[in-house]
Amino acid sequence: MLKTNPARSLISLTVMGLLAVSVTANATPLVDGQSPVAAGKNVYQTVYGTQDNSVYVAAAGGDKGEIHVFSGRSLKPESVISMQDKPLGLAIDQQHNLLFTGNTFNGSVTKIDLTTGKVLANLTLSHRAPKGTPRDQWPPMVHAVFFDEAHNAIYVTGAAKQGVVWKVNATTFKLEKTIRGVGAVPTGMALDHDTGLLYVTVHSDNKIAVIDTQTDRIVKTIGAGQNPLAIAINRQLEQLYVANSKDNTIGVFDLKSDKRLALIKTDKFPVDVNVDPTANRLLVANRSSGTVQVFNTDTYALEKTLHPGLHPNTLAVDKIHHQAYVTSKGLSRHEKSMPKGISNTAADVITQLTE
């Protein structure tokens with residue numbers, strides 16, 4: 001469980017890694033589409049690419065980093081993109097078929113051309129603290145990345161006691177601005193495209209910082225639950241979903257009033273949340289319980305509990321075909337054996353969730 005101490009939270013987040021025809025609320029529940037597929041070593045985030053119908057998975061194991069590419073329909077492995085730095089977070093420019101990676105261990109971000117598989121640019125945003133530096137004085141560490149197509153910008157959360165959000169020009173790949181005063185250990189991000197407001201979970205301050213992307217200034221904060229990690233927006237219902245990892249809850253907020261509408265109880269340690277608006281599905285990855293829960297966005301009722309892997313980590317949604325994908329971490333160095341009833345997920349995997 002993540003601690004409330006900012007410095008300890010920072011370490012835990014780094015280790016854990018911490019995105020068609022309308023379907024009605026009575027849509028067929030999601031099920032595990034197939035057996036989990038190996039996705040490299042030390043996997044983290046996954047994203048879905050609409051242009052080539054592919055699923056991308058960040059793998060930070062080994063001497064160098066890798067992006068594993070899978071078919072969005074079958075999860076058949078298609079290719080592996082090698083890169084110098086080790087990726088954890090991912091964001092995608094769907095129109096130009098570009099992938100942006102956040103490389104926590106290297107303090108950098110990378111731009112990749114998905115058509116050619118070539119690395120186009122790399123930008124260092126932070127450096128490791130000298131040995132012996134007190135943890136609460138460590139510089140911000142790259143955590144999540146988010147692509148804002150309206151401003152052709154990449155926003156990157158910098159997790160530290162004095163957290164920041166970096167803004168990088170997606171074309172020049174130069175740092176445009178460092179947004180300070182965000183709070184202790186900013187993590188996930190979600191953008192309201194209608195208002196241009198970027199919502200950032202601030203893990204150790206138990207709040208959401210809201211940034212106006214027109215001015216890149218923090219315009220307000222919203223109280224969250226304990227240790228919020230991830231966030232998602234449903235424009236169809238004008239709602240915001242926040243995964244509170246210590247509370248084991250999802251907070252549901254009205255985007256207009258910022259008022260909390262509901263508090264959904266989840267399994268243990270929800271680390272990611274995503275939404276398929278037209279299918280009326282809210283998906284939650286619970287790392288400690290080994291589950292993905294599917295809730296109805298109209299009633300907040302639990303519709304399905306899935307067991308895709310040992311430690312579900314991140315979610316991606318194909319909102320056209322109403323499928324989802326979840327990465328799961330395998331056995332950690334602290335775990336000696338598999339839990340009872342689970343036999344095929346000792347490694348890091350990706351699983352398809354389909355109707």
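Summary of values
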{"quantity": "Counted residues, region 50-68 - those being over 15 Å from the mean Cα position of the chain (by Cα) and within 22 Å of Gln95 (Cβ to Cβ)", "calculated": "6"}
{"quantity": "Identity of the residue in region 178-207, of a type in the set (Val, Ile, Thr) and farther than 20 Å from Gln236 by Cβ, that ends up nearest to the chain's Cα centre (by Cα)", "calculated": "Thr187"}
{"quantity": "Selected residue (only one of Val142, Val182 is surrounded by 23 or more Cβ atoms within 10 Å (Cβ to Cβ), more than 18 Å from Leu99 (Cβ to Cβ) and not small (Gly, Ala, Ser))", "calculated": "Val182"}
{"quantity": "Every residue from region 199-232 that is in contact with a Leu (Cβ under 8 Å, 6 or more places away or on another chain) and either of a type in the set (Asp, Glu) or at pLDDT below 95 (or both)", "calculated": "Asp212"}
{"quantity": "Selection count where residues are of a type outside the set (A, V, I, L, M, F, W, C), outside any strand (DSSP E or B) and more than 23 Å from Ala150 (Cα to Cα), scope region 89-137", "calculated": "16"}
{"quantity": "Residue check for Ser74: at pLDDT below 90 and not in a strand (DSSP E or B)", "calculated": "no"}
{"quantity": "Members of region 263-277 found to be outside any loop (DSSP other than H, G, I, E, B) and buried (at least 17 other Cβ atoms within 10 Å of the Cβ), listed by number", "calculated": "Ile264, Pro270, Val271, Asp272, Val273, Asn274, Val275, Asp276, Pro277"}
{"quantity": "Criterion (touching a strand residue (DSSP E or B) at 6+ places or on another chain (Cβ under 7 Å) and within 19 Å of Tyr325 (Cα to Cα)) met by exactly one of Lys76, Lys86", "calculated": "Lys76"}
{"quantity": "Residue count, region 148-163 (criterion: assigned to a strand (DSSP E or B) and either at pLDDT below 95 or surrounded by 22 or more Cβ atoms within 10 Å (Cβ to Cβ) (or both))", "calculated": "7"}
{"quantity": "Checking Arg281 against (1) surrounded by 21 or more Cβ atoms within 10 Å (Cβ to Cβ); (2) among the basic types (Lys, Arg); (3) farther than 22 Å from Tyr199 by Cα, the condition it does not meet", "calculated": "(3)"}
{"quantity": "Residue pairs meeting the criteria (Cβ under 8 Å; at least 6 apart or on separate chains; first over 14 Å from Val210 (Cβ atoms), in region 248-261; second of a type in the set (Gly, Ala, Ser) and part of a loop (DSSP other than H, G, I, E, B))", "calculated": "Thr249/Gly225; Gly251/Ala224; Gly251/Gly225"}
{"quantity": "Condition check for Ala190: within 17 Å of Ala150 (Cα to Cα) and crowded, with 19+ Cβ neighbours inside 10 Å", "calculated": "yes"}
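The values are calculated or read from the model by the stated rules, or taken from the named source; none is laboratory data. All values derive from a computational prediction rather than experimental measurement. Heads up, the Cβs are rebuilt from the backbone with ideal geometry, glycines too, and the neighbour counts pull from every protein chain shown.
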